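This report concerns only the one structure given below.
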Amino acid sequence: MDNKLKILVVDDESRMRKLVKDFLVKDGFDVIEAGDGQEALDAFFDDKEIALIILDVMMPKVDGWEVCKEIRQYSKVPIIMLTAKAEERDELMGFDLGVDEYISKPFSPKILVARVEAILRRTGSADNEDILEAGGIVIDKTAHQVTIDGEMIELSYKEFELLSYFLENKGIALSREKILNNVWNYDYFGDARTIDTHVKKLRGKMKDKGELIKTIWGMGYKFEV
């Protein structure tokens, strides 16, 4: 059957690639491998059907950040970064570049596969409501586009998901945990500060409409028109 989703796995350690590949293949995915950043870029621009990229940060020649930067100029394909150093600075840099997910080594391949599935489920599923509207904001889920007062704004995949979730729950106070579990779609073993980073960037892109996302101290956020 040819409707398997393709995943590009980029890591300079072949052992690591094989481990990840075996788990993904067992789970029904097609896997393309790349051993360095340049190979990754070639593979990505060669194949229009790559649904997700798993990208190691530390690589010779062209590192993961460079690959991410380059791809983000052309595509919003979900990117999961594998990082050996769980440094906050790196993580924040990654979110600036539009990384969707972070997994630090060593990790359990099962968790990696679960996260891959969660991300693909969210990008692949046009939810029951394809158009969301509130306060001059229009989200077209099928086309993956957001306009504010008729003007299109560029959002990363995660920012798009976050804004959609806010509009779907307008007027409801949402805890950070709830947002993590719904937007990141699994029990996130991370830090709620991830959300604050995303909300801050989202508000910035929304300009004065950013004020519609209210902070509820000690709890989380509420989208209110």
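Look at the stretch 12-51 and say how many of its residues are under 18 Å from Gln73 (Cβ atoms) and surrounded by 14 or more Cβ atoms within 10 Å (Cβ to Cβ).
Residues flagged as under 18 Å from Gln73 (Cβ atoms) and surrounded by 14 or more Cβ atoms within 10 Å (Cβ to Cβ) within the stretch 12-51 amount to 7.
Being out of contact with any Gly (no Cβ under 7 Å at 6 or more places or on another chain) and under 16 Å from Gly98 (Cβ atoms) is true for just one of Ile32, Ile53. Which residue is that?
Only one candidate passes the filter, namely Ile53.
Within the stretch 137-177, how many residues turn out to be among the acidic types (Asp, Glu) and either more than 22 Å from Ile119 (Cβ to Cβ) or crowded, with 20+ Cβ neighbours inside 10 Å (or both)?
Final tally of qualifying residues: 4.
Pairs only if they're at least six apart or on different chains, beta carbon under 9 angstrom, first in the stretch 48-68 and in contact (Cβ under 8 Å) with a residue 12 or more places away in the chain, second of a type in the set (Lys, Arg) and not in a helix (DSSP H, G or I); list them, first residue then second.
So the pair list comes out as Glu49/Lys6; Ile50/Lys6; Ala51/Lys6; Leu52/Lys6; Asp56/Lys105; Val57/Lys85; Met58/Lys85.
Looking only at the stretch 52-84, count every residue that is surrounded by fewer than 16 Cβ atoms within 10 Å (Cβ to Cβ), over 15 Å from the mean Cα position of the chain (by Cα) and charged (D, E, K, R) and tell me the total.
1
In contact with a Pro (Cβ under 8 Å, 6 or more places away or on another chain) and either at pLDDT below 80 or assigned to a loop (DSSP other than H, G, I, E, B) (or both) - does that describe any residue in the stretch 118-127?
Yes - at least one qualifying residue is present in the stretch 118-127.
Consider the stretch 130-162. How many of its residues are in contact with a helix residue (DSSP H, G or I) (Cβ under 7 Å, 6 or more places away or on another chain), without any contact (Cβ under 8 Å) to a residue 40 or more places away in the chain and assigned to a strand (DSSP E or B)?
3
Scan the stretch 201-217 and tell me whether some residue there is buried (at least 20 other Cβ atoms within 10 Å of the Cβ), over 20 Å from Asp130 (Cβ atoms), in contact with a Lys or Arg (Cβ under 6 Å, 6 or more places away or on another chain) and not hydrophobic (A, V, I, L, M, F, W, C).
Within the stretch 201-217 (the criterion being buried (at least 20 other Cβ atoms within 10 Å of the Cβ), over 20 Å from Asp130 (Cβ atoms), in contact with a Lys or Arg (Cβ under 6 Å, 6 or more places away or on another chain) and not hydrophobic (A, V, I, L, M, F, W, C)), the answer is no, since none of the residues qualifies.
The values are calculated or read from the model by the stated rules, or taken from the named source; none is laboratory data. As the structure is a prediction and not an experimental result, all values here were calculated from the model. All Cβ positions, glycine included, derive from the backbone under ideal geometry; neighbour counts span all protein chains shown.
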